[in-house]
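Engineer: Pasting in a structure now, in C-alpha cells, and then I'll have a few things to ask.
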Amino acid sequence: MGVDIGSSSIKIVQLRKKGGKAVLETYGELALGPYAGFEIGQATALSPEKTVEALSDLMKEKEVNVTTNVCGVAIPFSSSLMSVIEMPLVSQKQLSAMVPLEARKYIPVPISEVTLDWSVIPKDDSSPEVPEEDSSHTHIEKTDVLLVAIHNDTIARYQEIVRKTGLQSKFFEIEIFSCMRSVLESTHDPVMLLDMGAATTKLYVIEHSVIRSSHTINRGSQEITNIISKSLGISVKEAEVLKRGVGAVSSEGTDIKEIVNLALSGIFDEANRVILNYQNKYNKAIKKVVLVGGGSSLKGLQPLAQEKFQIQVEAGNPFTKTEAPAFIEEILRNTGPEFAVSVGLALRGLQEN
C-alpha cells in the first residue's frame, strides 16, 4: 500500500502483483480539513495524533477495504533538502567519503541530525564512467551529484504515525521520486512535473530521469477556492463545490472560467519563468509539462495550461501502470493526478518484493 499524507487529504492505493503486473485492488482519499475544524479542500497541519485518526478512519471505510498493513510512506518535498552539487569524478568509494563533508556547506543543521542520500547525475545518454581506485588522472573531471537530506525528526514523526496506525512501513520516500515512478516514462528530454497541492505548487524539471531543478510556489488550489468565494460572495464550502463541479470549463448558467484563470495566472507566470530560466541555463527546451497533484484534477486545467505554456501539457495518469476493471477506467483517468504519489509508492513496494 502507498500512503500519501498531503496538506489537505490522505490518499492510499493498494496494489498486488499478478503475473508480473501491478493489479489495482483498492484506493481511497479522505479530506483532512474537517479534522482541524476547516472545510474540505482546505490545507491544514494536523498533529500526529489527528493524522493517525484520519488515516485509521480512511482504512476502515467499507468502500476502501484495505487488506494489507505493509506500506511505503511519502515524505513531503517541503520536509527535505535537495541540491545539485559539483564533485570530482572519482570512485564511488571516494565519493562516499567526500559527499557528507561537502554536504555540510548546503545543510543548515549538523549532518548527524539528517538522513543523507546522493546519486551521480548522468552527463549524457549513459551514466558517467566512475574511475577505478587505481586510476590516475592529471586532470580531475567534475560531475554533478544530486544530494538529498531529510531531518531525522521528520522520519521519526512519520514512523510514529505508521506505528500507531498499525501499519508496517517498508520504506519512506520523498514524494517527487514516487511521482516520477508512476507518471513518467524513461526519456532523455527535459520534462516539467507541475504538482499542484492545496497550499503550494511544486515544479520539478526532470532530465535523464534525474531531478535537475526544483521550485516551490506558495499558491495552490486552495487559492482558487478563496478567489471564487470572494468574487461571487459565497462561502468557502460553496466555492469548493463550484470549483470541483465546474472548474475552468465554461457552462451555461455558471461560468467561472475567468475567475479561475485569474487565480491561476500567478502560478502559470512563475512556472513559465522556471521553464525559461532552465532553457537559458542549459540551452535545452523543456518538451512537456505533466500535471499531478489534487489541484491538477481541476476541469479544464490542461488546455488552459497548454495555452499558457505553449508546449505539450498532459495530465499524469499513474493508473496506466496498473491493471484495473475497464468500467472504472474513466474515473481513474480523471482522478489520476491526485494519486500519482501513492501509486508510485505501491509500485516501488511491489518491485522490492
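The values are calculated or read from the model by the stated rules, or taken from the named source; none is laboratory data. Computed from a prediction, not measured in an experiment: that's the story for all the values here. Here the Cβ positions follow ideal geometry from the backbone for every residue, glycine too, while neighbour counts run over all protein chains shown.
Engineer: May I ask you to say which residue of Val341, Val274 is over 28 Å from Ser229 (Cα atoms), touching a Cys at 6+ places or on another chain (Cβ under 6 Å) and in contact (Cβ under 8 Å) with a residue 40 or more places away in the chain?
Structural biologist: One residue alone meets the criteria, Val341.
Engineer: Then there is this: Go over the candidates Ala199, Ala239 one by one and state the one that is more than 30 Å from Ile121 (Cα to Cα), assigned to a loop (DSSP other than H, G, I, E, B) and in contact (Cβ under 8 Å) with a residue 12 or more places away in the chain.
Structural biologist: Ala199
Engineer: Out of Leu347, Leu291, Leu304, report the one residue that is part of a helix (DSSP H, G or I) and modelled with pLDDT of 95 or more.
Structural biologist: None of the other options fit; the residue is Leu347.
Engineer: Filter segment 223-236 for residues that are in a helix (DSSP H, G or I) and polar (S, T, N, Q); which is surrounded by the most Cβ atoms within 10 Å (Cβ to Cβ)?
Structural biologist: The selected residue is Thr225.
Engineer: Can you tell me how many residues within segment 57-71 are assigned to a helix (DSSP H, G or I) and exposed (fewer than 14 other Cβ atoms within 10 Å of the Cβ)?
Structural biologist: At the first step, the residues of segment 57-71 found to be assigned to a helix (DSSP H, G or I) are 57-60.
With exposed (fewer than 14 other Cβ atoms within 10 Å of the Cβ) added as a condition, the list becomes 57, 60.
Final tally of qualifying residues: 2.
Engineer: Quick one: what pairs do we get from segment 83-104, first residue farther than 11 Å from Val148 by Cα, second at pLDDT below 90 and of a type in the set (Gly, Ala, Ser), C-beta under 8 Å, 6+ apart or different chains?
Structural biologist: Cβ pairs passing all conditions: Ser91/Ser135.
Engineer: Tell me, yes or no, whether segment 14-23 has at least one residue that is β-branched (Val, Ile, Thr) and surrounded by 15 or more Cβ atoms within 10 Å (Cβ to Cβ).
Structural biologist: no
Engineer: Ala248 - would you say it is buried (at least 18 other Cβ atoms within 10 Å of the Cβ), without any contact (Cβ under 8 Å) to a residue 40 or more places away in the chain and not assigned by TED's automatic domain parsing to the domain that holds Thr201?
Structural biologist: The answer is no for Ala248.
Engineer: I've got another one for you. Taking the criterion of being farther than 30 Å from Lys142 by Cα, surrounded by 13 or more Cβ atoms within 10 Å (Cβ to Cβ), in contact with a strand residue (DSSP E or B) (Cβ under 7 Å, 6 or more places away or on another chain) and outside the structural domain of Thr143 (by TED's automatic domain parsing), would at least one residue in segment 74-82 satisfy it?
Structural biologist: Yes: one or more hits.
Engineer: Checking Tyr158 against (1) surrounded by fewer than 21 Cβ atoms within 10 Å (Cβ to Cβ); (2) more than 16 Å from Gly316 (Cβ to Cβ), which single condition isn't satisfied?
Structural biologist: Tyr158 satisfies every listed condition except (1).
Engineer: Yes or no: Pro337 within 30 Å of Leu58 (Cα to Cα) and either in a helix (DSSP H, G or I) or assigned by TED's automatic domain parsing to the domain that holds Leu15 (or both)?
Structural biologist: Here the answer is yes, as Pro337 does meet what is asked.
Engineer: Asn280: surrounded by fewer than 16 Cβ atoms within 10 Å (Cβ to Cβ) and in contact with a helix residue (DSSP H, G or I) (Cβ under 9 Å, 6 or more places away or on another chain), yes or no?
Structural biologist: Considered against the rule, which asks whether it is surrounded by fewer than 16 Cβ atoms within 10 Å (Cβ to Cβ) and in contact with a helix residue (DSSP H, G or I) (Cβ under 9 Å, 6 or more places away or on another chain), Asn280 comes out as no.
Engineer: Further question: Are any of the residues in segment 224-236 of a type in the set (D, E, K, R) and not assigned by TED's automatic domain parsing to the domain that holds Lys308?
Structural biologist: Yes, segment 224-236 contains at least one residue that is of a type in the set (D, E, K, R) and not assigned by TED's automatic domain parsing to the domain that holds Lys308.
Engineer: Answer yes or no: is there a residue in segment 88-110 that is surrounded by 18 or more Cβ atoms within 10 Å (Cβ to Cβ), part of a strand (DSSP E or B) and modelled with pLDDT of 90 or more.
Structural biologist: No, that holds for no residue.
Engineer: For segment 178-207, enumerate the residues that are surrounded by fewer than 18 Cβ atoms within 10 Å (Cβ to Cβ) and more than 23 Å from Leu301 (Cα to Cα).
Structural biologist: Within segment 178-207, Ser186, Thr187, His188, Asp189 meet the criteria.
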